[in-house]
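Each remark here refers to the structure printed beneath this line.
No lab work stands behind these numbers, since they all come straight from the coordinates. The structure presented is a predicted model; accordingly, all values stated were derived computationally and were not measured. All Cβ positions, glycine included, derive from the backbone under ideal geometry; neighbour counts span all protein chains shown.
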Amino acid sequence: MLAIRGLSKSFGGVKATDNVSLEFADGSLTAVIGPNGAGKSTFFNLITGALKPDTGSILLDGVDMAGRSPPDIVRHGIGRAFQVASIFPSLTVQETMLAAVGADQRRASVLYRRFPLAETRGRAEHAMELLGLAGKRHRTAATLSHGDQKLLDIALALVLEPKVLLLDEPTAGMGTEERWRMIDKVQELWETQKITVVFIEHDMDIVFKIAPEIIVLCYGRVLATDAPDAIRRNEAVIEAYLGTEHHTGAIA
Amino acid sequence: MTELQAARAGGALGVPRMETMSRRTLYLDMLIALAAFVVLAILPMVFGSKALLDFVIRCSAFGLFATSLNLLVGYSGMISFGHGMFFGLGAYGFGLLMQRTGVSIPVAFVATLLITAVIAAVIGAICVRLKAIYFAFVTLAFQMLIHSTILSWASLTGGDQGLRGGIPRPVFLGIDLSNHHHLYVVSCALLVLGLLLMRQIAQSPFGYTLRMIRDNASRASFLGIDVWRARFTIFVLAALFAATGGIVMALFVSGAYPEFAYWTISGEGIFINMLGGVTTFLGPMVGTVLLLTLNDTVTRLTEYYGIVLGVVILFFAIGLRKGLMDFAVEWYTQRRTQAGERE
Amino acid sequence: MDLDALTGCLASPACLVTQTTSGLIIGMLLFLVAVGLTLIFGVLKVVNFSHGAFYMFGAYFAMTAYQLSDSFALAMLCAAAGTAILGLVFERVFMSRVYGADVLMQLLVCYAFVLIFDDVVRMVWGPEFKSMGMPAAFQVMPLFIAGGVVPPYYLLLIGVALAMALLLGLGLARTQLGKVIRAAAHNPAMVSALGINTGLIYGGVFALGGMLAGLAGALAAPVRSLTPGMGFSVLIESFIVTVIGGMGSILGALIGALLIGLIRSFGSLGFPLFTEGLMYLFMVVVLVARPSGLFGKEVA
């Protein structure tokens, strides 16, 4: 279970994250939405260690992650995929996955073996298949299409077998059809892998269709956390997105 | 994406690469290494010229150095301007140990590597955390500092005259390094062994960790990798191979000179890498042979070696923009795709 | 090590004056070279590893011009003009091709030209050490300040360098051209979109940097010996200065140069064999404490 308590982060005078407290139950699927500048990516950055929070705690199964380094947090089981696919351009898909599982530096065998151990090879293989990349295993990452690169990015996060998977705008930069395929994939992963998934998303159709729980952030604060129908009717949320001019009722 | 990464990504061809991480390639590498050593060992019987043997010995020294530099530059993306300091330290360390203490050659060899490891660890601890251009400058500063120390500590190092008096070569295991032929075989053995070990490092999971750090250090740390530790480790390992090159050089010239620690060694190392190409493992070796050949031929023809070398560098840097082995690989993959298309 | 000589000097006003002045001229010459380097880096984002060659050409141009014309002023002008033109051509024809490429490429292109230029000088002027000699106007009695010896030429040198520093500082801060240059350093695309020819700016900055180095060479010619390899040691030292002072900072170049000059001159008393080593040690210490230099900004 991932519990966030009183998380805050300021840059200069700007509160990017303002006293955020949330809970993510094991195996839950949650969408994080909010207008631009709401602090969604900052929120992810704080959880994954890219930024150090000013105050607050990030409890993963009771262990506080706040202020730890990214490698440390990853080892405890929080994985992240990026808005702009963050991959290794010169490695092939297969090399990427094998390198990721083989990178456990605590073993001296990383120097004298030529290949990762059998059980870890299996993990790499499995992750490739899950994301549908097995057929492209020998393609160099730089030559993959944008969508495939995003899949590879997610595969990288998954292959370390995290307890919590954070997806930062998995459908960013995609056309409508590709978007649905990607989100179907995300849903499929969530259902089969039984991990906690939290994803940032801008496409409201998608969010309202698949997320059982939605969190709305605005100006670094949690505006609402609820099921889709309740969010749709939430006045404060409507106001945040559309402004105070007209409330015709529901969003989307 | 830098040009380096684009080159490694197979350029615009997008040609899929072959399987690289498997047991088969280890055995293949060992086989190639054995074959290469046999060929080199037989060479003196076919071509008896001393000049050729000398050339190969020099190639061994510089080849080890340049390939170790490629571990830093090509595989890890760490551009060091001061790597030559370890070449110099290897030469002086070995020379001094042999001259001043009565130890045998293998012991001096190991001791030199240990001393180099310690010095590399200290320098690495200071430098590795620095960002790219600052890493380059500070490593250069350390090299010049070491060079200055060598020059001024004349009582120990002989100052600008270098270590004089030759290097004692007690026989060990029936090998007499004052015999030129023995020296030749040992140099070749060190070269082949060194290359094989560096190849293993490059192709091991650790080697791929380095590639990941080179391509995207931030993402690597989000995979649980301690980036600093990996960089530090390869910095020290590369230093050891550079020092080995220095030891071969010291044995070859029977001494050590301040030039071995001068920045031009680092500059030549970088040039060799560009000449041969950084995208293949043997690129630096090819570059070494090319540079030494160029060196020898041009100095025989004209005293204006600088202009010729300068023009050659420009040709590669501006005209070709990649090294020889890069071309070879591209040409080969292009022919394969064309053959594939024709079928 | 000769610490007695050092402490003895620090206690004597005469020695202090002599050593400080000598440290100042070393520093000022270094400043002129280093400021060009730092400008080129600040605006063009490229490290000009061939910068020492401009210093060398400045000295040789000045020597030849003086030998032909007997006028020191003319010699300096020729040197400055010559190296400015050289800088412009070099930048437009060669350097502009490697902007944005790997640092290795830039390093290699510059290294190639160092090799070529050194040999060109060797071919044209010969490999031996040459000297220009002190111009007649300055063959006068040295000044005695507090007992220390100060050749008047030194004062000219320091004066010219300081004037340059002032001109540069004010020029970049106050004039329209200066603003354009600084803008181009921050956002070349924007400056170009405003209709300003960035190519010309780049060429101009390189020419300016080269000219400053050439001027330094010309000023150094009467008091140093000329040799084809003279560019290199100046290059290394001016690197140290720019790195210590912070790449892209003019003030940093000035402070760094003065520090290095003083370390050199006093250091050569106390550590005659390890003087260079002192500089590198100082550089290491500064960089470890402040990797971007004393006045530098963080480079992404």
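Quick notes
- Amide H contacts of B:Phe81: B:Thr139, B:Leu140, each under 5 Å away and 5 or more positions distant or on a separate chain (H built 1.01 Å from N in the peptide plane; Pro and chain starts excluded).
- Helix B:263-276 and the long axis of chain B differ in direction by around 40°, with both axes built from C-alpha atoms.
- Using just its DSSP H runs of length 4 or more, each adding -39500 (n - 2.57), the protein assembly as shown gives a mean residue ellipticity at 222 nm of -20500 deg cm²/dmol after division by all residues.
- Per-residue ³J(HN,Hα) for segment C:3-15, Karplus 6.51 cos²θ - 1.76 cosθ + 1.60, θ = phi - 60°, Hz, x for Gly and Pro: 5, 4, 4, 5, 5, x, 5, 4, 8, 9, x, 4, 5
- For A:Asp203, residues with placed amide H under 5 Å, excluding near neighbours: none
- Tail beyond 28 Å, pair distance distribution of segment C:84-222 (Cα, percent): 40 percent
- Ignoring aspartates and glutamates fewer than eight residues from A:Lys194 along the same chain, the ones with Cα atoms less than 13 angstrom from its Cα are A:Asp26, A:Glu161.
- Helix B:205-221 vs. chain B, principal-axis angle (Cα, 0 to 90°, nearest 10): 60 degrees
- Ascending count of other beta-carbon atoms within 10 Å, so fewest first, for A:Glu119, B:Glu330: A:Glu119, B:Glu330
- Projecting label points 7 angstrom from Cα along Cα→Cβ for A:Glu188 and C:Arg224 puts them 7.0 nm apart.
- Charges were assigned to the Cβ only: +1 to each Lys and Arg, -1 to each Asp and Glu. The resulting dipole of chain C about its Cα centre is roughly 740 debye.
- Approximating the spin labels as points 7 Å out from Cα along Cα→Cβ, the C:Val140-to-A:Arg221 distance works out to 7.7 nm.
- Measuring r between the beta carbons of A:Tyr112 and B:Ser178 and using R0 = 30 Å, the FRET efficiency lands at 0.30.
- Summary value for segment B:226-343: 23 percent relative contact order, contacts being C-alpha pairs under 8 angstrom separated by 6+ residues.
- Assuming charge only on the beta carbon of Lys and Arg (+1) and of Asp and Glu (-1), the dipole of segment C:74-131 about its Cα centre is about 120 debye to the nearest 20.
- Largest first, the extents of the alpha carbon coordinates of chain C on the three principal axes equal 60, 50, 36 Å.
- Shown in residue order for segment B:93-107 are the 3J(HN,Hα) couplings computed by the Karplus curve 6.51 cos²θ - 1.76 cosθ + 1.60 at θ = phi - 60°: x, 5, x, 5, 4, 5, 6, 9, 10, x, 6, 7, 4, x, 5 Hz (x for Gly and Pro).
- If R0 equals 22 Å, the separation of the Cβ atoms of B:Gln338 and B:Arg24 corresponds to a calculated FRET efficiency of about 0.25.
- Toward the positive end of the charge dipole of the protein assembly as shown, with +1 on the Cβ of Lys and Arg and -1 on the Cβ of Asp and Glu, the farthest Cα among A:Ile210, C:His186, B:Met85 is that of B:Met85.
- Whole-Å semi-axes of the ellipsoid equivalent to segment B:207-343 (Cα gyration tensor, √5λ, descending): 30, 27, 13
- Per-residue 3J(HN,Hα) values for segment C:32-49, derived from phi via the Karplus relation 6.51 cos²θ - 1.76 cosθ + 1.60 with θ = phi - 60°, read 4, 5, 5, 5, x, 4, 6, 5, 4, 5, x, 8, 9, 6, 10, 8, 8, 5 Hz in sequence order (x marks Gly and Pro).
- In this Cβ point-charge picture (+1 for Lys and Arg, -1 for Asp and Glu), the protein assembly as shown has a dipole of about 840 debye about its Cα centre.
- Computed over Cα pairs, the Kirkwood radius of chain A leads via Stokes-Einstein (0.890 mPa s, 25 °C) to a diffusion coefficient of 129 µm² per second.
- Spatial extent of the protein assembly as shown: Rg and Dmax, with the Cα atoms as the point set, Å: 31.2, 96
- Footprinting exposure proxy for B:His83, A:His126 (fewest neighbouring C-beta atoms within 10 Å first): A:His126, B:His83
- Residue order, fewest to most beta carbons within 10 Å, for C:Val149, C:Val103: C:Val149, C:Val103
- Segment C:196-250: C-alpha pair distances exceeding 12 Å, %: 75 percent
- Measuring between alpha carbons in the structure, the pairs from A:Lys9/A:Lys163; A:Lys15/A:Lys52; C:Lys45/C:Lys179 lying more than 21 angstrom apart are A:Lys9/A:Lys163.
- Inter-probe distance in nm under a simple model that places probes 7 Å from Cα toward Cβ, at A:Lys52 and B:Ala35: 5.5 nm
- The residue list A:Met128, A:Leu7, A:Ser90 was ranked by how far each Cα lies along the charge dipole of chain A toward its positive end, using unit charges on Cβ atoms, and A:Ser90 comes out on top.
- With pairing defined as another cysteine C-beta under 4.7 Å, the cysteines of chain C that fail it are C:Cys78, C:Cys110.
- Helix B:50-70 and the longest principal axis of the Cα set of chain B meet at an angle near 60°.
- Sequence-distant residues sharing a close amide H with A:Ala81 (under 5 Å, placed H): A:Leu166, A:Leu167, A:Asp168
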